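Bear in mind these aren't lab numbers, they're just calculated from the coordinates by the rules spelled out. Predicted, not measured: the structure shown is a model, and the values here were computed from it. Because the Cβ atoms are built from the backbone with ideal geometry, glycine has one as well, and the counts that use them run over all protein chains shown.
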Ligand SMILES: *Cc1c(COP(=O)(O)O)cnc(C)c1O
């Protein structure tokens, strides 16, 4: 008999509930970053990816409004038909200049950028070599392209070398997160770049979490490592994190980006993002690039958090980024800690499998330039009560 899809999904959902892995989106009203209001209650958030505190910046909102007045709300078509507006073109040029690449191409989301770039390049029988902790969109991209997915142990250049060596004749894309989204550590970029050059593989770095945060003028972990477009030909960045808007881009040598613009189906067959959004992102880019004091404040908060957490003996991870996970291991322990923090007015998300490997449930604490020192101290005091107890 043919399986009943709804019944099968019901079983899977019930299993999630039974194992403490069921999740649901709770509606919140943002008050003033980093505060959120849920069910009328004000909570201090340590869970957003708004690392520079730009999502509520008045310059961005003003640019969005002005853009909507001038260009309307919708882009009306895909980029290659007639949805590409001069705000998009200007943003692409500014992103390329910021990251030191010849050309940048916009996508509607980071998920779509990774799907499109990978699918444009890889075909059946090719090798997609990836860090095992890469973002889900990169892993899914390999499946979409029909490539053979070869994962290596986290941040292990020798492991990546073994995976490439296992398919010496295959065209290969070596892909890594720049900053790992659930761990906050930075990929061994110089080693991966050298390996890719030796093995004739193309290197893609997805710097969703490093852009705006690391490197000179916030140009990301690739710029921080001093790697140019020859060493890292494909740089993916997302705009919904430190830049505080939404969308993504891939930057690199002009010929490579042109090929992606031709063949990436998630670029060709989708409506271009709203021009006003591009205008808002241009305002965000100026702040992310030029407001050094904002970035320094963020890094001072990161240092303060790590000092305090070490003094308290909390299970810190080796991260110098705004992502500061506390590994608790057990799903129930992570959930209980998050609930106890919420009871104290603090919102921190418990991250559980399948987002992270089994046995590595954690509190994913994220810091933002929108926080102040007192708020970090308040978090530390609460963690001292909740996590050690
Ligand atoms: C968030 C994220 C994405 C997806 O970007 P969206 O714009 O949210 O779709 C891709 N890669 C990494 C590493 C991410 O953290």
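Among 331, 281, 270, a tally of other beta-carbon atoms within 10 Å of each Cβ gives an order, fewest to most, of 270, 331, 281.
Out of all Cα-Cα pairs in the chain, roughly what percent, to the nearest whole number, are more than 34 Å apart? In whole percent, the long-distance tail amounts to 31. For the chain, modelled as a GNM whose springs connect Cα atoms under 10 angstrom apart, the maximal fluctuation among 360, 176, 245 occurs at 360.
When the helix-only estimate is applied to the chain (DSSP H runs of n ≥ 4, each -39,500 (n - 2.57), divided by the residue count), what is the mean residue ellipticity at 222 nm, nearest 500 deg cm²/dmol? Kindly include the intermediate steps, with their values, before the conclusion.
Numbers: 14 runs with 166 residues, N = 389.
After summing the helix terms and dividing by the residues of the chain, the value is -13000 deg cm²/dmol.
Work out the FRET efficiency for residue 65 and residue 307 from their Cβ-Cβ distance, taking R0 = 45 Å, and round it to the nearest 0.05.
0.65
Of all DSSP beta bridges in the chain, what percent run antiparallel (nearest 5)?
60 percent
By DSSP, the beta bridges lying fully in the range 58-290 are antiparallel in about 40 percent of cases.
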